1. Any residue in segment B:130-144 that is loosely packed, with under 12 Cβ neighbours inside 10 Å and among the basic types (Lys, Arg)?
2. Working carefully through the options A:ALA83, A:ALA37, find the one that is aliphatic (A, V, I, L, M), more than 8 Å from DNA strand D (Cβ to nearest atom) and in contact with a Ser or Thr (Cβ under 6 Å, 6 or more places away or on another chain).
3. Restricting attention to segment B:107-123, report how many residues are facing chain A (nearest Cβ under 7 Å) and at pLDDT 95 or above.
4. Between a first residue in segment B:60-80 that is more than 12 Å from DNA strand D (Cβ to nearest atom) and a second residue that is modelled with pLDDT under 90 and of a type in the set (S, T, N, Q), which pairs have beta carbons less than 6 Å apart while being 6 or more apart in sequence or on different chains?
Protein chains: 2
Amino acid sequence: MADINDIIRKLTGKGMKVTPQRVAVYEALSTNYHPTAEEIYRKVQEKLPGLSFTTVYNILDVLVAKDLAHRVKTETDIMRYDAVTDHHHHLYCTSSDRVEDYFDPELDEILRNYFENKHPNGFIISDIKLQLMGQFNLPKDDIIN
Amino acid sequence: MADINDIIRKLTGKGMKVTPQRVAVYEALSTNYHPTAEEIYRKVQEKLPGLSFTTVYNILDVLVAKDLAHRVKTETDIMRYDAVTDHHHHLYCTSSDRVEDYFDPELDEILRNYFENKHPNGFIISDIKLQLMGQFNLPKDDIIN
DNA sequence: ATATTTGATTGTAATAATTACAATTTATAA
DNA sequence: TTATAAATTGTAATTATTACAATCAAATAT
């Protein structure tokens, strides 16, 4: 899952040089939940004390460019990152900055059919993402850290 | 549409004091397309040269709090604001920061039915918004590889 | 109409997140 | 092993946003 060799395979598969910083950032991204750049920085610093904040931003940028990570942003919160790049939707908690992934192939099928040959405002749709706003009825502790 | 009296009515209707700054900011918000705070600031300054940037932020905050405006944010762009507060979706251009509103009551009905009594991850849904990613009929040589 | 009060606006300065850039170091391919 | 192209680092700059105290104005009471 967050196996080092798997990470190395993913980086090289995208033509990226493998560095300790990149491996560690990608690992922190995969094992934490929608972390911010700062959360990743703090996490990775435990292993690589010399790590620069700039490097974290650089690596996140290239991961996003290579589609190994996505950016996640709410209306109020700062930028967060997501190593889950398979198609999915998001549940946004309206009373906190918590964001959860949501997979629903059945719904995707419905949406795909609905938008087949549909071009609102002459728009060519390449992806459909849902933002489900609401509340989690069970209080749950933070996953990060 | 962007009639001054209409704006005054909206502000007072939300229990807000009516000031020239508020009227002008709301007007700029209504007649422009998902403007940033800075775009609003520059626009309003033409009429009110003494305007402070802080005031623009203050007013936008209170408009959002009173549900007279919404925040709109893409994954890369800075904060934008939207005076259209009726339920709608967004078309996000993947090759620019352009965002357009999209209304589709038929689709809303389908989604409402689909999520009736559905609580993914114990989540109580209060609103469903679509992000349609794609391109606005772009000429071929504008597409980046 | 005038005074009072409550809230809005302003200017400055601070903060937070992110980016620019030049120097240094490192991973990889020859 | 060496060359080189790319990655990392540290610093400084930039950008967006917020904090805050002083001033000012709109609504309300007198």
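1. Yes, because at least one residue in segment B:130-144 is loosely packed, with under 12 Cβ neighbours inside 10 Å and among the basic types (Lys, Arg).
2. On the way: A:ALA37 fails: in contact with a Ser or Thr (Cβ under 6 Å, 6 or more places away or on another chain).
Exactly one residue qualifies, and that residue is A:ALA83.
3. Within segment B:107-123, the first condition is being facing chain A (nearest Cβ under 7 Å), and the residues that meet it are B:107, B:110, B:114, B:120-123.
Filter again for at pLDDT 95 or above, leaving B:107, B:110, B:114.
The qualifying residues number 3.
4. If the second residue must be modelled with pLDDT under 90 and of a type in the set (S, T, N, Q), the pairs left are B:ASP67/B:THR85; B:HIS70/B:THR85.
The values are calculated or read from the model by the stated rules, or taken from the named source; none is laboratory data. Just so it is clear, the structure is predicted and the values come from calculations on it, not from any experiment. Methodologically, a virtual Cβ is constructed for each residue, glycine included, from the backbone with ideal geometry; neighbour enumeration extends over all protein chains shown.
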